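The values are calculated or read from the model by the stated rules, or taken from the named source; none is laboratory data. Just so we're clear, the structure is a prediction, and the values are computed from it rather than from any experiment. Cβ placement follows ideal geometry from the backbone for every residue including glycine, while neighbour counts extend to all protein chains displayed. For accessibility, only protein heavy atoms count, side chains too; no ligands or nucleic acids. Shrake-Rupley method; radii C 1.70, N 1.55, O 1.52, S 1.80 Å.
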Amino acid sequence: MSRLSITAYSLGILFFLISCSLSIFYGYKVVTHHLPQEQMANKKYKYHFVLVPEELDNEYWRLVEKGAKDAAKKHGVMLEYVGPKQANLDDHLKTIEMSAASKVDGILTQGLSDAQFNPLINKVVESGIPVITVDTDAPNSKRMAYIGTDNYYSGFLAGKEMIADTKGKANVAIITGSFYKNHQQQRVKGFKDAVRSEINIKIIDIEESEISRVRAAEKAYQIIAEHPEVNAFFGTSALDDIGIAQVIEKYNKQKQMTIIGFDTLPETLDYIKKGTIKATVVQEPYKMGYGAVEMMINLLKGKTVPSIVHTNTSILTAEDLPLSPLGRLEENK
Ligand code: BGC
């Protein structure tokens, strides 16, 4: 072999080795590979946390992220927000697993289902990485703490509101984010318990939206077609009521329909102003994110942290939205 070909050969091997190690590094450090390198290099962070939401681009979760990022900025924490683009349990679990593999200092996430989440949460905590549940608890796991809504109570509040708004007489359809996830099950259970004693409130149908507004609208169409007697809807996740309201307006049935939803996203507030949605359950996503980061810092500093912090839950109706000088309803700022 000539000297030239030996050099080319060695360079080839060197190139191969470099690309192998790069792909191993990036494959392993999946969680951090998308971070701007400058951010990583220039700043010294005290801790590195990961927030794994149910759905990345969901407007509700963007509020949790905002709270978490603000707290992280204040306390010198690097916070990554990573998870499934669209709600997907496997992706969610994989992201938690990868975050643990890249040895972050703490993981903030939901406890969506006991069977799938608890064993993983336990494994991560046993490996020395604390997990705090946010928005949806996993009380039977080894998670260190929970911050978020009391989901059963929030459903109960919605049920009481339904009774008040319909004077105890309604044929209700429920559209829920999922039949299998803890928070959605608890909300439905709370609602059912609240209306149980009302003999004239009947639950006609329950359908699943997979937390998608489009799916919620499809299910609302289907319900109206199959059950013309339905005159009330309860949507149990942030986008359900928006999907329902679109359909109700399309059929021009606002007058005879009582819709109760979840969360205070701008579209929901618009529908409340117009009277299409009667009431919504208020959650505090920003506070959940902010509080979760501070709780994690306290845990890492060895401080005692309450095992459950319930953020506030209440009902909002058009009356809670102040009138502008022109008589239009304005949302609470
Ligand atoms: C729930 C979140 C959920 C979101 C879906 C909210 O009401 O608290 O857990 O991911 O709805 O849009």
From the options ILE297, ILE244, ILE260, ILE277, residue that is over 22 Å from LYS189 (Cα atoms) and buried (at least 19 other Cβ atoms within 10 Å of the Cβ): ILE297
Might you check whether a residue that is touching a residue at least 60 places away in the same chain (Cβ under 8 Å), of a type outside the set (Ser, Thr, Tyr) and either on the phi > 0 side of the Ramachandran plot or in contact with a strand residue (DSSP E or B) (Cβ under 7 Å, 6 or more places away or on another chain) (or both) occurs anywhere in the range 82-100? no
Looking at GLY190, GLY243 in this structure, which one is within 15 Å of the ligand (Cβ to nearest atom) and under 13 Å from GLY155 (Cβ atoms)? GLY190
How many residues are more than 17 Å from the chain's Cα centre (by Cα) and either on the phi > 0 side of the Ramachandran plot or crowded, with 24+ Cβ neighbours inside 10 Å (or both) when one looks only at the range 101-120? 2
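Rundown of residues vs (1) open to solvent by 20 Å² or more (accessible area, probe 1.4 Å); (2) small (Gly, Ala, Ser), yes/no style:
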| site | (1), (2) |
| --- | --- |
| VAL131 | no, no |
| ASN140 | yes, no |
| ALA158 | no, yes |
| ILE163 | yes, no |
| GLY168 | no, yes |
| ASN171 | yes, no |
If we scan the range 61-82, do we find a residue that is in a loop (DSSP other than H, G, I, E, B) and more than 11 Å from the chain's Cα centre (by Cα)? yes
Out of the range 117-130, which residues are within 11 Å of SER141 (Cβ to Cβ) and touching a helix residue (DSSP H, G or I) at 6+ places or on another chain (Cβ under 9 Å)? PHE117, LEU120, ILE121, LYS123, VAL124
Return the pair list, or none, for Cβ contacts closer than 9 Å from residues in the range 264-287 that are free of Cβ contacts under 8 Å to residues at least 12 places away in the same chain to residues that are within 14 Å of the ligand (Cβ to nearest atom) and not aliphatic (A, V, I, L, M), at least 6 apart or on different chains. none
All positions within the range 181-210 that are open to solvent by less than 10 Å² (accessible area, probe 1.4 Å) and either in a helix (DSSP H, G or I) or at positive phi (or both): HIS183, GLN184, ARG187, GLY190, PHE191, ALA194, VAL195
Count - residues of the range 31-77 that are aliphatic (A, V, I, L, M), more than 12 Å from the ligand (Cβ to nearest atom) and modelled with pLDDT of 95 or more: 6
